[in-house]
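Throughout, read-outs are computed from the coordinates displayed, never taken from laboratory work. All values reported here derive from a predicted model rather than from experimental measurement. In this analysis, Cβ positions are derived from the backbone assuming ideal geometry, glycine residues included, and neighbour counts consider all displayed protein chains.
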Amino acid sequence: MRSRALRGREVEANGGLVYVAELSTGAKAPHRLTGERCRTLTGKDLRDCVDLQLPMWDRGHSFVGATGAGSCLHVDQAWWSNIAKNFLGYKLVALWGPDETPAVVSKHKGELFRKPLSEEQRDALLTASGIALLGPGDVASFSGGLPHITMVVGDQLNVTAYESVVNWNPHNAELLLRGASRPAEWKGIMKLGPWHGLLDDIADVVLRAGAVSPPSLPPLSPAELLLQAAFRQVLLRSPRCARRLGHGEGDLDSDSSRSASSESIGDEKENEKTGAAKKRKMKRTKQKRDAAADKGGHFPEVAAEICSAREHMSAKRSRLS
């Protein structure tokens, strides 16, 4: 924080604007509501207001800046969804849709949109799918896999905090994997270690969701079971997730080739380095994970996944009663 403040002072002395991005604490500390160890500056997030378990819900970071400051046109390092919570001041957010993405990225990637706008930037804003002005207390959600910009406006200091989310919709799982398949030379792609950690965390949530429904949550509806099963099927296209979920590579469907491409950031090289020790460890844990996640065996069809989940949940409830 101190080094950022010193750099900001130098920028201001040269007539520049300061935008403190991805601000968090220096070390993890217990959250005041849940006790989980995290670096967030916010005391309460949207995830604390809803009784819902999602594959991924990260508390995220905070952004602070004065008028004219903001984020350049970009897509996020991972293609998840963002939840913006605007606490103080005003901020403009612009988002482009899939059809406009190739043109706006090729012409304006990395550009700051602030006054005075160039003629090309004005034309680009006219093609945006949505432009919103966030005021104090406003909350907005949008896909990080689409090009977007932010700009602080008005005389007040702006403070916005973001959460990152992946819900149970299988299309969001597909988008997350597709985002990792971008060419390695692209800037801003999540590094290999954090990406693998993200996949592992999501796969673990899917395992727990298939094993038992938390007592604090109501039973899942057939539609929710369908979404979870479809989400799981998409994850199986990732060799890493397939191993985590207890499926051998031979069990993957024809879409696994696209998944291997989506992990071109290094998963194949990592597989070569794991060696016999890791294979033996995965073999020992495979039966335990299978028993916890999909008791009836490996089902290629979503309908079979739903039946297995229902039977397993019924058995759990009868044992608890």
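The order of the peptides 67-75, 159-167 by mean Cβ neighbours within 10 Å, most packed first, is 159-167, 67-75.
From most to least packed by mean Cβ count within 10 Å, the peptides 49-55, 147-153, 77-83 give 147-153, 77-83, 49-55. Rounded to the nearest Hz, the phi-derived 3J(HN,Hα) couplings of the stretch 69-84 under the Karplus curve 6.51 cos²θ - 1.76 cosθ + 1.60 (θ = phi - 60°) are 7, x, 9, 6, 5, 7, 10, 6, 5, 10, 8, 9, 9, 10, 10, 9, where x marks glycine and proline.
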